[in-house]
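Read-outs throughout are calculated quantities, based only on the coordinates presented, and are distinct from any laboratory measurement. From a predicted model like this one, the values you see are computed outputs, not experimental measurements. So basically every Cβ, Gly included, is an ideal-geometry build from the backbone, and we count neighbours across all protein chains shown.
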Amino acid sequence: MGSRRSTRKMPRQKKWALPLMALLLLLPVGCRFPAFLPVKADQSGLVNFIRTVTRVVPDQYPTIQSAINNANDGDTIFVESGTYFEHIVVNRTVSLVGEDSQTTIVDANGTGRGLSIVRGYVNITGFTVRKSGSAYGQDAGIWIEGAGH
């Protein structure tokens, strides 16, 4: 009698699955990874990518303005709930994201502008801006100057 071979294929072991699962378990919860945004193709037809980062106030930066000052175009600035007594100038193309519009507050303390946007393509969401100054034509809760889109 000859030996019979089974024609049934056995599944191949995936050698990478176990190390990948172990790596995912070891990652800290809430870890922030940089993202990459595509940028318009240059004359050669190659697409360039820029690295974007999420900056967190007040965990990484004590003020919203200091996070903006350290940001690069395309970055996201996440602001945790709290009241921030600042006069903010957004002079970079960033996304400014408040944790909750009811509890993330920019307070201009009764003087000047709470939030001045002087750059295009800025996204702002999740904030209450209050107590700006009262000088007609000069003060505002949110002031947009020379910014497109």
For the pair residue 70 and residue 135, how long in nm is the line joining their label points, each one 7 Å along Cα→Cβ? 3.1
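Mind ranking 128-135, 114-121 by how tightly packed they are, going by the mean number of other C-beta atoms within 10 angstrom, highest first?
Numbers: 128-135: 15.4, 114-121: 18.1.
The densest-packed peptide leads the list: 114-121, 128-135.
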Interchain or long-range residues, amide H under 5 Å from residue 104's placed H: 82, 128
